[in-house]
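Computed from the coordinates by the stated procedures, all read-outs in this text should not be read as laboratory data. What you see is a predicted model; the values in this text were computed from it and never measured. Please note: Cβ atoms are built from the backbone with ideal geometry, for glycine as well, and neighbour counts cover all protein chains shown.
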Amino acid sequence: MPISSLFYEVCIQECQNQTSEDERFILMLIRLLYKIVHRSMAPLILIVEDNLNFLETMKLMLEGEGYSVISAVNGHQALEKLKNSEKYPDLIISDIKMPHMDGYEFFQRISQNQKLNQIPFIFLTGMSKDKDIRFGKMLGVDDYLLKPVKEKDLLASVKGKLNRIKRSEKVLEYLQDVEYNGQKLVASVEMGEIKQIWIIILYWHDVVGPKLQYYYPKIENNNFLERIKEIGNQCFYAINLIYGDQKKIQNEESLLFSLENIEKKAFIYFDAFPNPKSRSGETKFMIGIIAPQITHFDSIQIKNYFKSMSEKIKNQSKIDLKLYWEKISDILTSTEFFM
């Protein structure tokens, strides 16, 4: 039993043996203080769900297990609550189909925020198609539970993710004690894997959809080239699913996710340039890097090169793909931080 709980039990037992009014008042204060302390120490879970009845059921399940719960009815409201919150949640559970901002876009916004992107994230949805589940996992979601979710499955998933946080915190505490003078402990990509790094650039065409325009390094095997095209299309459709086929791009967007079918990571950058001949008045394009491993720190540095490439595309300038590939490969194979 935790020390705080043991102290509480002893105090209650002692006070219950007393009968004076003052002692009963002290007993009431102890109970109140314990509830306050327990609530502040309990893991905080954010539920984002537009079905109010299901939301209330979820809250009751989790609060019954001693968790603290806050809630929102869509991604936009959830972001506002996170923005104004004094404490970030230890876990986020979100539905996918919601008004104003769906679960996919909400997760993407969380992933781009350095203060929030380490919070475990569970998608909770009624969509049971395998492709929807694969897409959620591809984005990097920690778990995917189908409605109607069983209480034991929900609690098991929540407990597992929170335990992972505790283990991660212990590892971070250990690493903080290690003096490595600004160096990474391990490179994201070993030198022997450098040929498994590819830069791809795709444009969106109204008739044929995404089309591979450029790539590096050169691929001699036609079957493998077709595979790279297919992967590029998957990446383009993935980010298009988040932002919508006809939605105009106001600002560039980026996304880091897993390609589980080929055991690779992809970091993609989405932008557009004006094109009056296009149905949407612009041509969307995607710049991507595919590699055995890409970390969040890698993506921050790579994004600067993608921005440079994007400006060249918009200005119709020539892009030296070999040069950019070399610079990005240096990031992925380096054991130092470029901060």
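Along Cα→Cβ, 7 Å out, is where each label goes; now give me the distance between the ones at THR295 and LEU116 in nm to one decimal.
2.4 nm
Could you list, in their original order, any pairs among LYS59/LYS87; LYS265/LYS318; LYS59/LYS147; LYS87/LYS150; LYS195/LYS229; LYS115/LYS264 whose Cα atoms are separated by more than 22 Å?
Violating the 22 Å limit, Cα to Cα: LYS265/LYS318; LYS87/LYS150; LYS115/LYS264.
Between GLU80 and ASP206, how many nm apart are label points set 7 Å from Cα along the C-beta direction?
Once both label points are built, they end up 3.7 nm from each other.
I'd like the Karplus ³J(HN,Hα) series for segment 97-113: coefficients 6.51, -1.76, 1.60, θ = phi - 60°, whole numbers in Hz, and an x wherever there's a Gly or Pro.
Residue by residue, segment 97-113 yields 7, 9, x, 6, 8, 7, x, 4, 5, 4, 5, 5, 5, 4, 5, 7, 9 Hz.
Just in segment 267-339: which trypsin sites (Lys or Arg not before Pro) are loop by DSSP and have at most 12 other Cβ atoms within 10 Å?
LYS277, ARG279, LYS318
Restrict the search to segment 197-231; then list the trypsin sites (Lys or Arg not before Pro) that DSSP places in a loop and that have at most 15 other Cβ atoms within 10 Å of their Cβ.
LYS218
Going through segment 52-107, which trypsin sites (Lys or Arg not before Pro) have at most 16 other Cβ atoms within 10 Å and a DSSP loop state?
Passing sites in segment 52-107 are LYS87, LYS97.
Could you point to the residue in PHE273, ILE200, THR333 farthest towards the positive end of segment 191-333's charge dipole, with +1 and -1 charges on the Cβ of Lys/Arg and Asp/Glu respectively?
PHE273
Mind giving me the nanometre distance, one decimal, between the label points for ILE70 and TYR88, set 7 Å out from Cα along Cα→Cβ?
About 1.2 nm, to one decimal.
Rounded if a/c is under 1.5, else prolate if a/b beats b/c, else oblate: with a ≥ b ≥ c from the C-alpha gyration tensor eigenvalues square-rooted, which is segment 191-333?
prolate
Can you compute the FRET efficiency between LYS314 and LEU259 using 1/(1 + (r/R0)^6), with r the Cβ-Cβ distance and R0 = 41 Å? Round to the nearest 0.05.
My answer for the efficiency is 0.90.
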